[in-house]
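Novice: My questions will all concern the structure given below.
Readers should treat all values here as calculations from the given coordinates under stated rules, not as data from a laboratory. Computed from a predicted model, the values in this text were never measured in an experiment. As a convention, Cβ positions derive from the backbone with ideal geometry for all residues, glycine included, and neighbour counts pool all protein chains shown.
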Amino acid sequence: MLNPILIVGASGRAAAASAIRAGFAPHVIDLFADADTMRLCPTIVCPFADYPHGLIALANDAPPMPWMYTGGLENYPDVVMAISERRELVGNDANVLCEVRDVTRFARTVRERGGHFPPTMPLGMRPADGIWLHKSATSSGGLGVRFAITEDFDGHSQSMQDCLQLFIDGDPMSAIYRSDGQHRSTLFGMTRQLIGTPWLHAKPFAYAGNITRHEDALAKNLAFHGELLSQDFHLKGSWGLDFIDNHNGKACTIEMNPRYTAAVEVLEFATGKSLLGNATSPRPSSPVVGKAIYYAPHRIPFPTSGPWDESLANAVNVWQRPDFADIPHGGSQIETGQPVCTILTEANSEADCVERLQKRALELDTLFGV
């Protein structure tokens, strides 16, 4: 009998598929209850109006089993603490979240360990020359990030964690780790992030996908850096580190995501290895795997049938990379700016992978009358 695990967060489909690849039997509570998620496992939807605190009651009503959280809940340690009162947490607890999401503490730790972190200061200060960002305390997926304006330098935020941060030019990247809770971590892989991508209709700074990348020059440095951060913050389970590669052989750390991240699945497809367990794929691994989130350019009534039909029909084959994922139910109304679905592909090079993702996004543009 497979070990059950409850997955809670804004979107649980990718984590559910990873859990199945690792030999678990997942249950999901998220905002979408997408059609392919429901093919994978029992799924309950949390209404947007009730998120995130409505997750607590829904989780309390779920059968007894350990639980893990996905994107968005790192900003709500009170929700993580409340759910953890009734079931075992697989991952980093509320105390860890408070530490790693404290920008001042996190930046100091990164620098003390020899890493690089952008100059960061509270709102209302007058920084030196440069391009600066306003980062929200509850930023998730880049949706709380924008370029700073005059009022940011003159005013004050209602949140002590809102801050100004120097914009660092370079490739936005992510590193994925697995920590054993005994101060040991392993670098699972790296990806280039798609951020604010226009051909996906993503808002500026919004997370829009990942493409696997192999950078030997960075890997050794990141593996060592991750080991130190794992020790400092007593990390458990899977977690991610966002950074900027400015092509000088060094990574400039931006933030930590102390939970399962959306980048995991492309690395699992590319390596043929499970992050959450020791399973391996029966299929050959692929050189480069990419995913892209297609955002609604206008209000879309989602069709009952389309190019995603085959992916939906084969959703339970979790080691088979789908062409489409996070597939809404037919007839769903997708509002402007909301995620519609995820596109996945593979290629022999990063450039070819991006080209294939762009081509498929263009096909969706045509389908949805853009």
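Novice: Calculated from DSSP H runs of 4 or more alone, at -39500 (n - 2.57) each and per residue, what is the 222 nm mean residue ellipticity of the chain, nearest 500?
Specialist: The per-residue figure over the chain is -8000 deg cm²/dmol.
Novice: On to the next question. Taking Cα extents along the principal axes in Å straight from the coordinates, which label in (1) 56, 49, 47; (2) 71, 53, 36; (3) 54, 46, 43 is the correct one?
Specialist: Label of the calculated value: (3).
Novice: Restricting to DSSP loop positions (anything but H, G, I, E, B) with no more than 13 other Cβ atoms inside 10 Å of their own Cβ, which GluC sites (Glu not before Pro) remain in the range 32-97?
Specialist: Listed in order of number, the matching sites are GLU85, GLU88.
Novice: Give me, ordered by chain and number, the residues 5 or more places off HIS116 or on other chains with an amide H under 5 Å from its own placed amide H.
Specialist: THR253
Novice: Here is a further query. Check which residues have an amide H placed less than 5 Å from VAL340's amide H, if you skip close sequence neighbours.
Specialist: For VAL340, the qualifying residues are TYR294, TYR295, ALA296.
Novice: Let me ask something else about it. Taking 2.2 N^0.38 Å as the expected size of a compact globular protein, what ratio does the Cα radius of gyration of the range 171-367 give against it, to two decimals?
Specialist: Output field value: 1.06.
Novice: For the ranges 113-123, 297-307, what's the packing order if you count other beta-carbon atoms within 10 Å of each residue, average per peptide, and put the highest first?
Specialist: In descending order of packing, they fall as 113-123, 297-307.
Novice: Given contacts defined as C-alpha pairs under 8 Å and at least six residues apart, what's the relative contact order of the range 1-119, whole-number percent?
Specialist: Relative CO of the range 1-119 lands at 22 percent.
Novice: Relative contact order for the chain: what is it in percent, counting Cα pairs under 8 Å that are at least 6 residues apart?
Specialist: Answer for the chain is 15 percent.
Novice: Sort 2-9, 271-278 for me by packing, meaning the mean count of neighbouring Cβ atoms within 10 Å per residue, highest on top.
Specialist: Ranked from most to least packed, the peptides come out as 2-9, 271-278.
Novice: Set the Förster distance to 45 Å, then compute FRET efficiency between ASN317 and ARG108 from the Cβ-Cβ distance, nearest 0.05.
Specialist: E(calc), rounded to 0.05, equals 0.45.
Novice: Which whole number of Å³ per residue matches the convex hull of the alpha-carbon atoms in the range 3-100?
Specialist: 84 Å³
Novice: Amide H neighbours of TRP132 under 5 Å, counting only residues 5+ apart in sequence or on other chains, H built in-plane at 1.01 Å?
Specialist: Under 5 Å from the amide H of TRP132: ALA148, PHE167.
Novice: Do you know the relative contact order of the range 255-361, to the nearest whole percent, from alpha carbon pairs under 8 angstrom that are 6+ apart?
Specialist: This gives 30 percent for the range 255-361.
Novice: Convert each backbone phi in the range 178-187 into a coupling constant with the Karplus relation 6.51 cos²θ - 1.76 cosθ + 1.60 (shift: θ = phi - 60°), then list the ³J(HN,Hα) values in order as whole Hz, x for Gly and Pro.
Specialist: These are the phi-based 3J(HN,Hα) values: 10, 10, 9, x, 10, 6, 10, 9, 10, 6 Hz.
Novice: Among the listed pairs LYS135/LYS236; LYS220/LYS273; LYS220/LYS359; LYS135/LYS291; LYS135/LYS273; LYS250/LYS273, which are separated by more than 29 Å between their Cα atoms?
Specialist: Going by Cα-Cα distance, LYS220/LYS359; LYS135/LYS273 fall outside the 29 Å limit.
Novice: Could you order the peptides 334-343, 18-27, 127-136 from most to least packed, using the average number of other C-beta atoms within 10 Å per residue?
Specialist: Taking the mean over residues of other Cβ atoms within 10 Å, the ranking is 18-27, 334-343, 127-136.
Novice: Could you give the nm distance between label points at PHE167 and MET121, where each point is 7 Å from its Cα heading toward the beta carbon?
Specialist: Between PHE167 and MET121, the label points sit 1.8 nm apart.
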